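Each remark here refers to the structure printed beneath this line.
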Amino acid sequence: MYPKKISVNLSLIAFTCLHFVIAAPSPTDSRAEQVKKAFKHAWGGYASYAYGHDELQSISNEISDSRNGWGASIFDGLDTMIIMGLEDEYTTALKHIKNVNWSYSASPSKTFETNIRYLGGLLSAYDLKNDPILLERAVELADKVIMPAFNTPNRIPAAYVNVQAGLPVEGNMITLAEFGSLQLELVRLSQLTDNDKYQLAGNFILEKISKVPSHLPGLYPMIWELDTFIPKDTFITISGGSDSYYEYLLKTHILMEGKETLQLDMWTTAVASMQKYLRSESLNGKVYLAELDDDFKLMQSGELVCFIPGNLLLGAAYLNNKKMREFADELMESCYGTWTDSPTGLAPETWSWIDKTQNTTVFPAEMRQAVLTTGFLAQNTGYDLRPETIESLFYFYRMTGNKIYQDRAWDIFQAIEKYCKTPSGYTRISDVTNPKAVGPLNFEESYFFAETLKYLYLIFTDPSYISLDEYVFNTEAHPFKLKTPIRVQAKSFN
Ligand code: DMJ
């Protein structure tokens with residue numbers, strides 16, 4: 001626990017917290033250089049056509065402001081620039097960051113997104129570079145935009161904040177991920193400012209969740225009612241809307257130096273239930289995580305779930321748990337299979353399959369045909385430049401030392417280069433099943449800079465660089481420095 005201190009002298013903290021400034025290595029693997037080149041290509045397009053806006057529409061070269069209009073790509077890309085050693089880009093970005101007005105946004109701030117992208121980006125860049133302005137801006141942002149979300153009768157944060165008024169926006173439905181994945185950023189902010197108010201607010205939510213009964217231990221429905229704080233639905237998923245809640249239980253425990261056991265208990269309980277209730281073996285022998293609605297098992301999953309093999313492996317290494325490692329392995333294989341079994345080498349956004357206990361004859365011909373080939377059927381055929389499988393490959397490479405995971409990441413990178421590249425960046429596409437017409441959709445998400453390119457780069461650099469023994473990554477791939485290192489990375493790499 002950190003002593004309470006309401007007024008903080010930021011320059012003093014910046015000085016006393018000064019640990020070290022990261023220096024980008026000279027990559028020996030030319031694949032890292034290729035990824036860096038991709039970042040520079042995309043950044044060049046964003047800088048030419050959309051600098052200071054949230055995203056670039058990477059075909060029409062128009063701007064987009066879907067995340068408060070504060071320049072989400074800059075905040076998300078900042079630590080990747082530091083990691084890649086892009087000093088000029090970083091210096092220019094810092095000028096923008098100094099001048100953003102947190103008190104104005106054309107539309108309400110989404111608490112979850114502002115937290116993972118803006119606050120997470122600032123804290124991580126501060127951890128890597130120690131520029132005091134980064135922590136100053138993080139504190140202002142948290143106080144003006146994130147903490148006001150907690151001004152609700154039961155101190156459960158609202159999904160949106162009116163930043164002009166500094167007040168939560170009324171609205172009673174909220175997702176598990178929206179209120180359940182603020183902890184990592186708030187804990188790190190408390191550690192860096194020596195002010196425990198952020199961490200207390202975040203961890204209070206977890207205590208509240210732990211008291212809500214769930215008939216499947218550790219698993220909770222996605223939609224909740226804010227004022228009563230009870231689940232409003234019966235739909236259980238590890239995908240979007242719930243995903244980072246589970247991810248953060250383990251990571252917050254690690255960031256807090258293992259001092260709080262509640263998060264770890266909640267995480268191990270949830271993982272045991274994933275194995276028991278959501279694990280599904282397809283007719284082709286692949287293992288996926290299904291979803292549940294009213295206890296009815298739905299054989300559908302998607303790329304968003306593919307962060308879970310990496311998260312499970314992190315927990316397995318941390319706890320030295322063989323069964324968990326095997327679970328992580330089988331999910332890693334099935335996630336990666338959705339890329340290799342796709343004609344473009346890019347995974348679809350979502351897919352379905354037939355469980356080995358199901359009767360195939362009741363399924364449409366298209367689905368039965370899929371059983372004879374890949375074993376899964378793409379539902380949403382888009383690819384949104386997402387990072388999740390790459391993220392898991394990064395964890396697998398760093399924790400097993402097996403270079404096969406580098407090769408897999410390289411194949412994915414090449415498919416992105418082939419099908420998503422535009423003259424000014426990279427774009428989401430609508431059909432990964434049709435190599436002749438992938439349907440470019442004119443949008444480049446800020447997480448492409450934060451996550452996709454960062455994980456790809458780090459897979460090909462020296463494994464001791466941003467080691468998983470020393471950093472924990474937030475859900476937007478922003479690494480936070482651990483006060484106490486852990487031992488999870490492989491001892492040898494071959
Ligand atoms: C990111 O914004 C975060 O990882 C979030 O938790 C869910 N996924 C997107 C990228 O796909």
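Values in this text are rule-based calculations from the coordinates and carry no lab data. The structure presented is a predicted model; accordingly, all values stated were derived computationally and were not measured. Methodologically, a virtual Cβ is constructed for each residue, glycine included, from the backbone with ideal geometry; neighbour enumeration extends over all protein chains shown.
Computed from the Cβ-Cβ distance with R0 of 30 Å, the FRET efficiency linking A106 to M173 stands at 0.85. Give the shape of the stretch 336-479 as rounded, prolate or oblate, defined through the alpha-carbon gyration tensor: a ≥ b ≥ c are the square roots of its eigenvalues, a/c under 1.5 means rounded, and otherwise the shape is prolate if a/b is larger than b/c and oblate if not. Oblate, since a/c reaches 1.5 and b/c is not below a/b. Between S64 and D54, E55, Q57, the built amide H atoms are under 5 Å apart, and every one of these is 5 or more places off in sequence or on another chain. Amide hydrogen proximity for L298: with H placed 1.01 Å from N in the peptide plane, the residues at 5 or more positions away or on another chain lying under 5 Å are E291, L292, D293.
If a spin label sat at a point 7 angstrom from the Cα of Q358 along the line to its beta carbon, the backbone N atoms of the stretch 369-410 nearer than 11 Å would be those of 371, 376-377. At what distance in angstrom do the alpha carbon centres of the stretch 187-233 and the stretch 238-263 lie from each other? First find each Cα centre; the distance between them is then 10 Å.
Taking a cut-off of 14 Å between Cα atoms, list the aspartates and glutamates near K208, but don't count ones fewer than 8 places away on the same chain. Within reach: E225, D227. Remark on F473: its backbone amide H falls under 5 Å from those of F480, a criterion applied only to residues 5 or more positions apart or on other chains, H modelled at 1.01 Å from N. Among the listed pairs K322/K491; K286/K356; K322/K483, those with a Cα-Cα distance over 21 Å are K322/K483. Sequentially through the stretch 256-268, phi angles give Karplus couplings (6.51, -1.76, 1.60; θ = phi - 60°) of 8, 6, x, 7, 9, 8, 4, 4, 5, 4, 5, 5, 5 Hz, Gly and Pro residues having no value and appearing as x. In order along the stretch 79-93, the Karplus-derived 3J(HN,Hα) couplings, from 6.51 cos²θ - 1.76 cosθ + 1.60 at θ = phi - 60°, round to 6, 5, 4, 4, 4, 7, x, 8, 4, 5, 4, 5, 4, 5, 4 Hz, and Gly and Pro are given as x.
Where a ≥ b ≥ c are the square roots of the eigenvalues of the C-alpha gyration tensor, would you call the chain rounded, which needs a/c under 1.5, or, failing that, prolate if a/b is larger than b/c, or oblate? Please report the intermediate quantities before stating the final value.
Values: a/c = 1.42, a/b = 1.18, b/c = 1.20.
Rounded, because the longest to shortest axis ratio a/c is under 1.5.
Legend: distances between Cα atoms for K40/K403; K259/K323; K323/K454; K251/K323; K421/K454; K232/K454; pairs beyond 28 Å are K323/K454; K232/K454.
The phi-based Karplus calculation (6.51 cos²θ - 1.76 cosθ + 1.60; θ = phi - 60°) puts the 3J(HN,Hα) values of the stretch 459-464 at 5, 9, 9, 3, x, 7 Hz, whole numbers, x for Gly and Pro.
Within straight-line reach of K197, meaning a Cα separation under 17 Å, sit the following aspartates and glutamates at least 8 residues removed in sequence or on another chain: E136, E140, D143, E185, E207, E260. Among Q414, G45, G202, which residue has its Cα positioned farthest towards the positive end of the charge dipole of the chain, with +1 placed on the Cβ of Lys and Arg, -1 on the Cβ of Asp and Glu, and the dipole taken about the Cα centre? The listed residue farthest towards the positive side: G202.
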